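Before any comments, here is the structure.
Where a number appears in this text, it was derived from the coordinates with a stated rule and is not lab data. What you see is a predicted model; the values in this text were computed from it and never measured. Cβ: placed from backbone, ideal geometry, glycine included. Neighbour counts: every protein chain shown.
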Amino acid sequence: MTDSDSLHDHVTEPMAGPLAAPMADCCPRCAFEAVDTLHTSPVPGVWDVLQCRRCLYTWRTSEPARRTRREAYPEQFRMTPQDIENAPEVPALPPLRTSA
């Protein structure tokens with residue numbers, strides 16, 4: 001990735017190495033197929049931090065299957081496109097307090 005690349009323009013590629021977790025073929029939460037790599041372990045092949053382009057769910061590939069694989073993700077937390085579209089807006093963070 002170059003300095004001019006956006007983090008969201010970098011689509012995931014399979015990890016290599018003996019410690020690499022199986023690569024996600026879709027988002028565990030909403031099943032969307034566009035997943036980006038936000039960060040890669042400084043030790044090659046250990047983990048990647050991935051994020052879904054639709055629901056913004058973020059996970060590390062070294063987490064357990066219930067967090068990284070759609071078929072193991074808890075059904076009560078799965079989201080549909082309708083769930084995402086109808087979700088309430090996340091409130092903005094207030095400004096930081098300045099020290100007195």
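Points to keep in mind about this one:
- For segment 63-100, the set of residues classified as within 12 Å of the chain's Cα centre (by Cα) and more than 15 Å from V35 (Cα to Cα) consists of E63 only.
- Selection count where residues are of a type in the set (S, T, Y) and within 19 Å of I84 (Cα to Cα), scope segment 32-66: 2
- Residue satisfying all of: in segment 44-56; touching a Phe, Trp or Tyr at 6+ places or on another chain (Cβ under 9 Å) and closer than 13 Å to C27 by Cβ; surrounded by the fewest Cβ atoms within 10 Å (Cβ to Cβ) among these: R53
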